[in-house]
1. Would you call Ala32 outside any loop (DSSP other than H, G, I, E, B), modelled with pLDDT under 90 and not hydroxyl-bearing (Ser, Thr, Tyr)?
2. I'd like to check something: does segment 90-108 contain any residue that is in contact (Cβ under 8 Å) with a residue 60 or more places away in the chain, among the β-branched types (Val, Ile, Thr) and out of contact with any strand residue (DSSP E or B) (no Cβ under 6 Å at 6 or more places or on another chain)?
3. Could you list all residues from segment 332-368 that are in contact with a Phe, Trp or Tyr (Cβ under 9 Å, 6 or more places away or on another chain) and either open to solvent by 80 Å² or more (accessible area, probe 1.4 Å) or over 15 Å from Ser178 (Cα atoms) (or both)?
4. Is there a residue being crowded, with 20+ Cβ neighbours inside 10 Å, under 19 Å from Asn208 (Cα atoms) and either of a type in the set (D, E, K, R) or touching a residue at least 40 places away in the same chain (Cβ under 8 Å) (or both) anywhere in segment 284-291?
5. I'd like the full set of residues that are at pLDDT 90 or above, of a type in the set (Asp, Glu) and under 19 Å from Asn591 (Cβ atoms), limited to segment 487-546.
6. Please go through segment 211-245 and give me each residue that is open to solvent by 30 Å² or more (accessible area, probe 1.4 Å) and assigned to a helix (DSSP H, G or I), ordered by number.
7. In segment 22-44, what residues are in contact (Cβ under 8 Å) with a residue 12 or more places away in the chain, open to solvent by 40 Å² or more (accessible area, probe 1.4 Å) and within 47 Å of the chain's Cα centre (by Cα)?
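The values are calculated or read from the model by the stated rules, or taken from the named source; none is laboratory data. Owing to the predicted nature of the structure, the values given are computational and were not obtained by experimental measurement. Here the Cβ positions follow ideal geometry from the backbone for every residue, glycine too, while neighbour counts run over all protein chains shown. The accessibility values were calculated without ligands, DNA or RNA, using every heavy atom of the protein model including side chains. Shrake-Rupley method; radii C 1.70, N 1.55, O 1.52, S 1.80 Å.
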Amino acid sequence: MTLDSHTLAMDAHAWLFLDRSGKQSLADLRMAEAAGLDPFVPASRKKLSFGYTQDVVWLRWRLRGAEGEEPRIWWLNVKPTFLDKVTLYQVMPDGEIRTSQAGDHIPLSQREVGAREHLLPVYMSEQATTLYLRVETASTMVVTSQLWLPEAYQRANDRVTMLYGILFGLVLLSVLVSALAAVWSGRQMFYLGALYLGCFGMIHFTLNGFDKVLLYPESPWINDNMIGVWGFATAATLAAFVLSYLKPRPFLPMLDMLLRAQILMAVMGFGISLAGYYLAIVQGFMFLGLSILLSVMLLTLAMLRYRRREALLMLLLFGPGIIAILLQVARNLGYLPLNFWTNHLWALSSIFQAPFTAVILLLKVRDEERTYLQERRRNNALRQFFSTMAHELRTPVSILSSALTNLELLTQDRAAEFAPRFRRARTALSRLNYLIDAALAEDRLSSGNVRFQYQELEVKQLVEDIRELIIIEAPHHLDVTVAPGVSSLEADPYWLNIAILNLLDNAIKYSPSGGPIMLSFDSVGVDAIRITVEDHGIGVPERDRAHIFERFFRAENVQHLSQATGVGLGLFLVAEVVRRHGGTVEYGAPNVGGSRFMITLPRRQGDQLG
């Protein structure tokens, strides 16, 4: 084979020998050749892809430079970058054997050409020379090689590096966009999108050897485990992102459960790889990654029936990339050779996939913003309606109250048996007044013109007022507990009543199966009192707990309860009242389920809570 160009693809000209024992030396092979028992066969009849094997691959070439060519150095580029140990033996025309090494297990400082790819110097002249290449690896055994003039390789490598620079730049930009969307919305889906993109960029970074050059040039074997770390992380975050975006559980619970189980297995693989044992489970990773890709495709196709727009976007996003990854998996398992389609297609599709992911997330942000604004307008209209209705009810309620007082005075001496009925009617009017006050409370607090009137409150009287104002019927019942030593506190009775009654109303609404509603008063040290409202209802999903005290926020699990009407102002009002008292309000989830809200207030308004 004669070199008359600046580069030459070597695979078609190679002769192949598979050393299944791994113990054959160059001397053994040359001795067999000299005896007429040549172990090599033309590699052109085979694809140089062997899957996961312990065999050592030997390749042989006999070549010479162009006629009249001055002696010069060429570079033999051996791919992929994650081969463990690559040794080149060159038999010179005078019989001398020159040896050079590269590979993941050879520090860059010990290689003749320190680069992210495996480059081995070849000394060429017009005289014939023979090359023997020995390759061993614990990862997938797939080999391709190309001979380059150094300056030609540099130009080609610059183009490839620019391609990956574009990819990493787009991934970084997309991660930033997704992270900003996550911070803006607080939604889990956007955090998962940002995590997936970050892991996606890192798996390309490690698979192509950039980490070995930039992060640990003297310990390049770390790359073996980092491929596993980022591979498992990418698989897990991909599946989690798709589940979060498509929300298939109500429609396809079995597929949803399957993908969640695969995520758990990927997380376990991530931990094993991080501990340094990736090579022990590398074949399992290939099959798990393949199963996750197939599950994602199947789920997305099935979701076309239920959420067509979202599923179509997922197909456009992941379809080309999944095809490219399937080609790489087939190559790694030994079914396909290493070529453009099995080596570079994923990187090219990724250049479009990363920004498209960010675009999809931005579209989701726009949808959420539109939904938020629509909900805000609806809530404002409801608030305006409630406010108008409450103001209009003030006058007739006042007239009814006056009339009831007059009737009670007229009949108290002649018809004492009517007294219980008058008490029930007055309790009903008090309840109606409370409802009117609650409807106006948020507007009044937001105006900034409300001055709280703090006074000494007897806890016993506070409990009696609450019992009068709250209506609790079967299957609910109210249990009140006042700890010893909790007798009084300094607060505004009107606003504190509204805060506690809001929590009790929520406890009733969001425990549709009934059960006890528990109200307790306890001491917190000597300077504070804790008021706790607890129920055994539906509780608050973990992802929503950080937002429940925000204005207009309603947890996802209450929006479909027919009896749980509201606009998301009750807990905001509670938090604002507690803040004005110098206290704190917290949410907790009891072990038996339901919700627990804890208000901590200073006993005296001059006290400060830590």
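1. Details: outside any loop (DSSP other than H, G, I, E, B): yes; modelled with pLDDT under 90: no; not hydroxyl-bearing (Ser, Thr, Tyr): yes.
It is false that Ala32 is outside any loop (DSSP other than H, G, I, E, B), modelled with pLDDT under 90 and not hydroxyl-bearing (Ser, Thr, Tyr).
2. Yes, some residue in segment 90-108 is in contact (Cβ under 8 Å) with a residue 60 or more places away in the chain, among the β-branched types (Val, Ile, Thr) and out of contact with any strand residue (DSSP E or B) (no Cβ under 6 Å at 6 or more places or on another chain).
3. Result: Asn332, Leu333, Gly334, Ala347, Ser350.
4. yes
5. Asp522, Glu534, Asp535
6. Within segment 211-245, the first condition is being open to solvent by 30 Å² or more (accessible area, probe 1.4 Å), and the residues that meet it are 213-219, 221-222, 225-226, 230.
Correct list: Val213, Leu214, Ile222, Asn225, Met226, Trp230.
7. Of everything in segment 22-44, just one residue is in contact (Cβ under 8 Å) with a residue 12 or more places away in the chain, open to solvent by 40 Å² or more (accessible area, probe 1.4 Å) and within 47 Å of the chain's Cα centre (by Cα), namely Ser44.
Residue by residue, here is whether (1) among the aliphatic types (A, V, I, L, M); (2) farther than 25 Å from Met141 by Cβ; (3) outside any loop (DSSP other than H, G, I, E, B) holds:
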site	(1), (2), (3)
Lys47	no, no, no
Gln54	no, no, no
Val57	yes, no, yes
Leu63	yes, no, yes
Glu67	no, yes, no
Val78	yes, no, yes
Phe82	no, no, no
Pro93	no, yes, no
